[in-house]
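Engineer: Quick one: the structure is below, questions incoming.
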Amino acid sequence: MTVAELHDGRPALHVVRGEATVDRNAAEAAVAELLVALGQDPSSTHLAGTPARVVAAFEELLTAAPFQPTTFANDEGYDQLIVARDIPFRSLCQHHLLPFRGVAHVGYLPGARIVGLSKLARVVEHFAARLQVQERLTVQIGDWLSSELEPKGVGVVLEAEHLCMTVRGVMASGSHTVTSSLHGLVRDDARCRAEFLALARCH
């Protein structure tokens, strides 16, 4: 099966969700050609729907619902850490196109404004829904919070299992990678940093 055969004269279907634009026809053709290159028959009964399913899966993994950060004036002058712990996330390794998944612990020491709590999970989802490496993802979350809130400090810790390590290559089943991004007092003040890590209960 070729790209031309799969398109079959149909117009390309462009779907825009979040930041990703997916040409489903071209993507399905590419998956079909990959199957052929791997010695498989994409027209067989068992594989006939596989290109469409693979594209739908990648589309879901690579697009996040758009969101607007909701911030509020810190009228009460709250000056202690706010931490959202064990936020689940999944992303795609840009080197192998295999998933990595885990939990994020996100906190900040507020300044003049605070953010709606659900947005801490939303920002993790927003940056995870793309081809990623865990190090960059961690930094992007921390930088976004620092830029949007201008808090006194930010702490982000990600713990994740990478399928490119656990199901192939070294096959280090059960291993987890931990990365951190610390800003302001959470980075520079030892007591604040220790409090964040204790509240996050990083394993």
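Engineer: Among what's in region 2-24 and is surrounded by 14 or more Cβ atoms within 10 Å (Cβ to Cβ) and within 25 Å of the chain's Cα centre (by Cα), pick the residue that is modelled with the lowest pLDDT.
Structural biologist: The first filter runs over region 2-24 and keeps only residues surrounded by 14 or more Cβ atoms within 10 Å (Cβ to Cβ), leaving 6-7, 17-18, 20, 22-24.
Retained after the next criterion (residues that are within 25 Å of the chain's Cα centre (by Cα)): 17-18, 20, 22-24.
Details: R17: 43, G18: 50, A20: 60, V22: 82, D23: 91, R24: 93.
Restricting to residues being surrounded by 14 or more Cβ atoms within 10 Å (Cβ to Cβ) and within 25 Å of the chain's Cα centre (by Cα), the top hit is R17.
Engineer: Consider region 156-202. How many of its residues are of a type in the set (G, A, S) and within 25 Å of P99 (Cβ to Cβ)?
Structural biologist: If we filter region 156-202 for residues that are of a type in the set (G, A, S), which is where we start, we get 160, 169, 172-175, 180-181, 184, 190, 194, 198, 200.
Retained after the next criterion (residues that are within 25 Å of P99 (Cβ to Cβ)): 160, 169, 172-175, 180-181, 200.
The qualifying residues number 9.
Engineer: Any idea which of A29, A104, A121 is touching a Leu at 6+ places or on another chain (Cβ under 7 Å), of a type in the set (A, V, I, L, M, F, W, C), surrounded by 14 or more Cβ atoms within 10 Å (Cβ to Cβ) and assigned by TED's automatic domain parsing to the domain that holds V186?
Structural biologist: Numbers: A29 fails: assigned by TED's automatic domain parsing to the domain that holds V186; A121 fails: touching a Leu at 6+ places or on another chain (Cβ under 7 Å).
Just a single option satisfies the conditions, and that option is A104.
Engineer: With the checklist (1) at pLDDT 95 or above; (2) under 13 Å from the mean Cα position of the chain (by Cα) in hand, flag the one item L98 doesn't pass.
Structural biologist: (1)
Engineer: Tell me, which strands (runs of 3 or more DSSP E) wholly within region 113-202 include 3 or more residues that are of a type in the set (A, V, I, L, M) and either modelled with pLDDT of 95 or more or more than 28 Å from V22 (Cβ to Cβ) (or both)?
Structural biologist: On the way: elements: 113-115, 153-162, 177-183.
Per the criteria, 153-162.
Engineer: Select from region 33-51 the residues that are surrounded by 15 or more Cβ atoms within 10 Å (Cβ to Cβ) and either aliphatic (A, V, I, L, M) or part of a loop (DSSP other than H, G, I, E, B) (or both) and list them in ascending order.
Structural biologist: Filtering region 33-51 down to residues surrounded by 15 or more Cβ atoms within 10 Å (Cβ to Cβ) leaves 33, 35, 42, 47, 50-51.
Once the filter is applied, which keeps residues that are surrounded by 15 or more Cβ atoms within 10 Å (Cβ to Cβ) and either aliphatic (A, V, I, L, M) or part of a loop (DSSP other than H, G, I, E, B) (or both), region 33-51 yields L35, P42, L47.
The values are calculated or read from the model by the stated rules, or taken from the named source; none is laboratory data. Predicted model, so just to flag it, every value in this text is computed and none were measured. In this analysis, Cβ positions are derived from the backbone assuming ideal geometry, glycine residues included, and neighbour counts consider all displayed protein chains.
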